[in-house]
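All remarks here apply to the structure that follows.
The values are calculated or read from the model by the stated rules, or taken from the named source; none is laboratory data. The structure presented is a predicted model; accordingly, all values stated were derived computationally and were not measured. Neighbour counts are summed over all protein chains in view; Cβ atoms, including those assigned to glycine, are modelled from backbone coordinates with ideal geometry. With ligands, DNA and RNA removed, areas are computed over all heavy atoms of the protein, side chains included. Shrake-Rupley method; radii C 1.70, N 1.55, O 1.52, S 1.80 Å.
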Amino acid sequence: MSILVRRSVFQLRTVNRCRKIKVTTQSARNGSQLSYKTPLNESLSKELRHFHTSHAVNKIVAFKLSDIGEGIREVVIKEWFVKVGDNVQQFDNICEVQSDKAAVTITSRYDGIITRLYHDIDQTALVGQPLVDIDVQDSENDGKPTDVAPDKPVAEIDAPKTEQNQKIKVLTTPAVRRIAAQFKVDLSAVKATGRNGRVLKEDMLSHLNINSDDSNEVVLPGSVRAVEIPVTKAQARVELALEDKVVPVTGFQRAMVKSMTEAMKIPHFVFSDEYNVTKLVESRAALKKQAEERGVRLTYMPIIIKAASLSLSYLPILNSSLDSSCENLIYKASHNIGVAMDTPNGLVVPVIKNIQIKSILEIAQELNTLQEKGSKGQLGLNDLTGGTFTISNIGIVGGTYTKPVIFPPQVAIGALGKIQVLPRFDSQGNVVKAHILSVSWSADHRVIDGVTMARFSNHLKNYLEDPYILLLDL
């Protein structure tokens, strides 16, 4: 034997009970290792050839709330679109959450069954923490053997998938899914007329043979109509013990707390004036019919916003902001004007961007879209950020003069009062009926002086008192 053996290990048992003999040798020359197996070990190895493993199926996955940007660390659950036991697929809506800046719809990343909801409605959920548990179902690759015995027939390997794997993903909106769940309709049975096979709300209503008003009614089988029974009022007076209620500050209200706390660090300069907008009222009445023919609802606000943008072109310092160290003034190239709105979720300020390149009709269309989103609580982060100047219309709820609070990091804000019909003197000294608009402006007195604010107001006044001047600059 030419190989020099440095080390030999023998494991021996009695001959009658011998099951294993293993000899390991290591050569000093090449360090090779040899292993000898008995016939019993060979039979075991043959059996192992038929052993196979598979991926874990039906495992519980904790679906966590991902980072939705803008430094948001927590959200409030506003609505659940699923419940325990529901089947979900990828991109199905799980819930709607409300941050301190916008409402966001969370969608599923898995196919499976909901086994647990971690939060109730109006509870706070933290970013990175679980929202729901999903029992992940067997997908196309799950459960496929990593090593298949050679004697298995091919037909057994390519077994038909379950019904759940054959489900067809139906494209539609959360509103249509709620109607389908309410009336127990299979979405795949509804004839889709939308783009790329999307099921529209009209398709669902046509399938149910009902109108849009009836879709909001909840059908309760076996409901019993209440019968009014006259009851004699008790004479004894009962005093109710009233309790204080503690409500956490969340959502848009929390955002307002933060922004207004920062705003009160700014020294405000306030300027007020009156505009005689009689000609504007007449012009808008004539343009309103033309706009309706084009499918646009035209109010005074789009005209005022466009006039404000033209005025900012003369005084660009009002479309600027201070940096965080208050050492540099940043002049904004775009006129992104925010419009304060009262919504069911509180006061919000959606932004219409690039006013300087848009027509009055385009501004009106975008404003109508933002108002519709705000009433439904569907304003996104992009709708609420990027503003450079703000206008608030308090006239729709009443009032004339006010002191608007600047929205940081902007340097100016305007508030429009109610248009009133008041007596005024004309150029010949006669008392005439005039439409008077009260306006109030607030400016950051660290960078904006009173003369600058007054000049801006006068520019806007000229545009609104004589719309023909506005047409010349469009």
- If amide H atoms are modeled at 1.01 Å from N in the peptide plane, then the residues at a separation of 5 or more from residue 94, or on another chain, having amide H under 5 Å from its own are 106, 107, 108
- Note on the structure: Given pairs 358/418; 306/461; 83/191; 288/376; 353/373 and cut-off 22 Å on Cα-Cα distance, the over-length ones are 358/418; 83/191; 288/376
- Protein chains only, probe 1.4 Å: how do 274, 96 rank by accessible area, largest first? 274, 96
- Using modelled amide H (1.01 Å from N, peptide plane; none on Pro or chain starts), what sits under 5 Å from the amide H of residue 171, excluding residues fewer than 5 places away? 199
- Message: Probe radius 1.4 Å, ligands and nucleic acids left out: which of 353, 184, 279 has the largest accessible area, and how do the rest follow?
- Response: 184, 279, 353
- Note on the structure: Note to self: with every protein chain in place and a 1.4 Å probe, the stretch 408-448 gives an accessible area per residue in Å² of 47
- Task: May I ask you to rank 300, 463 by accessible area, largest first, using a 1.4 Å probe over the protein chains only?
- Result: 300, 463
- Message: Please list, in order along the stretch 113-128, the HN-Hα scalar couplings obtained from phi with the Karplus expression 6.51 cos²θ - 1.76 cosθ + 1.60 (θ = phi - 60°), rounded to whole Hz, x for Gly and Pro.
- Response: 10, 6, 10, 7, 10, 7, 9, 8, 4, 6, 8, 8, 10, 9, 5, x
- Expressed as a whole percentage, what fraction of the accessible surface of the stretch 270-403 belongs to carbon and sulfur atoms when a 1.4 Å probe is rolled over the protein heavy atoms? 50
- Might you tell me the accessible area per residue for the stretch 323-395, computed with a 1.4 Å probe and given in Å²? 47
- In whole Å, what is the distance between the alpha-carbon centres of the stretch 79-114 and the stretch 248-311? 36
- Note on the structure: Amide H contacts under 5 Å for residue 297, restricted to residues at least 5 apart in sequence or on another chain and with H modeled in the peptide plane, are none
- Total charge of the residues flanking residue 335 in space, meaning their Cβ is under 11 Å from its Cβ, with Lys and Arg +1 and Asp and Glu -1, is +4
